[in-house]
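> Below you will find the structure I want to go over with you.
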Amino acid sequence: MVVVIDLKFLRENPDLVRDSQRTRGEDPALVDELLAADEKRRSSIQTADELRRDQKSFGKKIGAASKEERPALLEEAKTLAARVKEAEAAQKEAAATVEDIQNRLANVVAPEVPAGGEDDFVELERVGEIPEFDFPVRDHLELAEMADIIDMQRGAKVSGSRFYFLKGAGALLEMALTQLAISKAVEYGFTVMIPPVLVLPEIMQGTGFNVEHDDEIYRLGTDDLYLVGTSEVALAGYHKDEILDLSEGPIRYAGYSSCFRREAGSYGKDTRGIIRVHQFNKVEMFTYCTPEQAEEEHQKLLQLEKEMLKLVEVPFRVIDIAGGDLGTSAARKFDCEAWVPSQNTFRELTSTSNCTTFQARRLQTRYRDEDGRTQMVATLNGTLATTRWLVAIMENHQQEDGSMVIPEALRPYMGGMEVISPK
């Protein structure tokens with residue numbers, strides 16, 4: 001059974017959950033629907049328990065009955081057995097109804113989360129200076145094609161639209177970015193992981209993705225496996241059904257993997273170049289910690305993302321995502337958006353989410369507190385580098401002749417190369 005929201009918490013804080021639903025732009029009446037279903041479930045459990053006790057007592061009565069009394073008592077026992085069976089069926093149905101409604105409730109948002117949708121974020125800070133060019137700005141694809149480092153045409157020939165080849169210095173640039181991110185993760189105590197990119201449905205569902213209705217997910221129907229859109233999925237499932245030892249602090253992983261997204265519904269939007277593609281590579285941070293540590297850990301992940309963006313020398317802003325744009329699992333999410341000169345706007349490069357205990361409840365990942373009792377862990381995730389970063393790096397570091405200056409922090413991973421020049 002998938003456990004989503006803590007029913008005890010819901011019963012004790014219904015107004016808080018209703019407010020969360022409103023912040024997300026979702027129906028607060030779902031809370032009352034779940035409370036009513038939970039009450040019916042609890043009542044059905046009580047009824048079934050009482051009938052089972054009666055059945056047990058009646059069995060003793062039959063055993064003590066005389067030969068003459070027994071036939072009538074056996075008929076009565078059949079009626080009681082039918083009532084027990086009926087009560088157990090009602091209990092099972094009530095539990096299924098509760099689980100169904102639970103699955104429709106997203107995580108409870110943090111009180112600080114702004115209400116609204118995609119455009120209702122709150123800008124928290126800006127870092128770096130937006131570059132001013134005294135020549136016509138080229139977009140990343142024009143720059144890449146001039147240098148022959150991205151091949152979209154052959155990507156489409158081989159795999160269809162929104163696939164591509166990174167080649168030469170383009171491939172080296174992404175590998176350099178990955179190595180820099182991995183080095184930073186190790187420096188901050190993360191264990192590096194290369195996880196599977198195919199996962200079972202219960203892992204995808206447990207992480208918070210709806211495998212039946214999420215049209216972003218690639219599914220391999222023959223094998224009933226799913227391609228991940230982020231290594232968060234595999235890393236969240238890594239400790240499924242386990243009790244973790246958090247006595248020495250949070251457990252932190254940095255997963256490197258290819259990621260796959262169908263980008264359904266985005267036709268005509270960012271179809272040029274590698275901003276929205278079906279396959280890309282990413283270094284993803286993932287943390288297991290106690291719920292009390294989660295807010296501080298969230299800030300640490302954000303700081304590490306900011307440090308990486310400063311190292312690749314792109315101007316960016318940090319935004320606090322509104323409730324309607326959080327996604328099912330996140331209680332709060334910060335995005336770092338880099339300046340993209342050709343679009344004259346900021347575009348998302350990183351996200352970091354505090355999922356509190358939402359994923360852990362679904363995946364039954366726990367820890368022991370100081371009293372030895374098992375409690376649900378909190379999980380958090382954050383992007384440390386991804387293919388889309390190349391867009392901001394190329395465009396912000398372009399020169400008049402179409403060459404691109406390589407950020408100093410990446411040069412050691414590219415054999416000292418300082419500039420990518422047109423062919």
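The values are calculated or read from the model by the stated rules, or taken from the named source; none is laboratory data. Quick caveat: nothing in here was measured; it's all calculated off a predicted structure. No Cβ is skipped: glycine too gets one built from the backbone with ideal geometry, and neighbour counts run over all protein chains shown.
> Given (1) farther than 17 Å from M404 by Cβ; (2) at pLDDT 95 or above; (3) among the small types (G, A, S), where does S161 come up short, assuming only one miss?
Here S161 meets the rest and fails (2).
> Further question on the same structure: Of the numbered conditions (1) over 29 Å from A264 (Cα atoms); (2) in a helix (DSSP H, G or I); (3) not aromatic (F, W, Y), E305 fails exactly one; give the number of that condition.
Of everything listed in (1) over 29 Å from A264 (Cα atoms); (2) in a helix (DSSP H, G or I); (3) not aromatic (F, W, Y), E305 misses just condition (1).
> Restricting attention to segment 305-323, and to residues there that are in contact with a Ser or Thr (Cβ under 9 Å, 6 or more places away or on another chain) and surrounded by 20 or more Cβ atoms within 10 Å (Cβ to Cβ), which single residue is nearest to T23 (Cα to Cα)?
G323
> Same structure, new question: Look at segment 343-365 and say how many of its residues are under 18 Å from the mean Cα position of the chain (by Cα) and not in a loop (DSSP other than H, G, I, E, B).
Adding up the residues that qualify gives 13.
> Then there is this: Can you run down the residue pairs with Cβ atoms below 6 Å, 6 or more apart or on separate chains, where the first is in segment 18-36 and more than 14 Å from Q102 (Cβ to Cβ) and the partner is among the charged types (D, E, K, R)?
From residues that are more than 14 Å from Q102 (Cβ to Cβ), the pairs are P28/R18; P28/R22.
> Is it true that G416 is out of contact with any Pro (no Cβ under 9 Å at 6 or more places or on another chain), exposed (fewer than 15 other Cβ atoms within 10 Å of the Cβ) and either of a type in the set (S, T, N, Q) or in the same structural domain as I251 (by TED's automatic domain parsing) (or both)?
So G416 fits the description; yes.
> So which residues in segment 200-237 are buried (at least 17 other Cβ atoms within 10 Å of the Cβ) and over 22 Å from A106 (Cα atoms), if there are any at all?
Scanning segment 200-237 gives L225, L227.
> In the set E125, E145, E174, which member is under 28 Å from the mean Cα position of the chain (by Cα) and part of a helix (DSSP H, G or I)?
None of the others qualify; the one that does is E174.
> Any chance segment 234-255 includes a residue that's β-branched (V, I, T) and closer than 28 Å to Q153 by Cα?
no
> Residue by residue through segment 139-177, note down the ones that are closer than 16 Å to E395 by Cα and out of contact with any Lys or Arg (no Cβ under 8 Å at 6 or more places or on another chain).
H140, E142, L143, A144, E145, A169, G170, L173, E174, L177 - these are the residues of segment 139-177 that are closer than 16 Å to E395 by Cα and out of contact with any Lys or Arg (no Cβ under 8 Å at 6 or more places or on another chain).
> In this structure, does L200 turn out to be under 18 Å from T350 (Cα atoms), among the aliphatic types (A, V, I, L, M) and within 16 Å of the chain's Cα centre (by Cα)?
Against the criterion (under 18 Å from T350 (Cα atoms), among the aliphatic types (A, V, I, L, M) and within 16 Å of the chain's Cα centre (by Cα)), L200 does not qualify.
> Considering each of P407, P341 in turn, give the residue that is closer than 17 Å to A181 by Cα, surrounded by fewer than 24 Cβ atoms within 10 Å (Cβ to Cβ) and touching a residue at least 24 places away in the same chain (Cβ under 8 Å).
Result: P407 is the single residue among P407, P341 that is closer than 17 Å to A181 by Cα, surrounded by fewer than 24 Cβ atoms within 10 Å (Cβ to Cβ) and touching a residue at least 24 places away in the same chain (Cβ under 8 Å).
> Being of a type in the set (S, T, N, Q), in a loop (DSSP other than H, G, I, E, B) and surrounded by fewer than 17 Cβ atoms within 10 Å (Cβ to Cβ) is the requirement here; does S258 meet it?
Judged against the criteria, S258 is not a match.
> Follow-up question, since we're still on this one. Can you tell which of V108, V158, V127 is of a type in the set (V, I, T) and buried (at least 17 other Cβ atoms within 10 Å of the Cβ)?
Selected residue: V108, the only one of V108, V158, V127 that is of a type in the set (V, I, T) and buried (at least 17 other Cβ atoms within 10 Å of the Cβ).
Rundown of residues vs (1) among the small types (G, A, S); (2) over 25 Å from A360 (Cβ atoms), yes/no style:
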residue: E12; (1), (2): no, no
residue: E26; (1), (2): no, no
residue: L30; (1), (2): no, no
residue: R42; (1), (2): no, no
residue: L73; (1), (2): no, yes
residue: A81; (1), (2): yes, yes
residue: A96; (1), (2): yes, no
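> Starting from segment 123-138, take each residue that is more than 15 Å from M394 (Cα to Cα) and list its partners that are surrounded by fewer than 11 Cβ atoms within 10 Å (Cβ to Cβ) and at pLDDT 95 or above, counting only C-beta distances under 7 angstrom and pairs at least six apart or across chains.
Listed pairs, sorted by first residue: F135/E400.
> I'd like the full set of residues that are part of a strand (DSSP E or B) and over 30 Å from G372 (Cβ atoms), limited to segment 272-301.
Q279, F280, N281, K282, V283, E284
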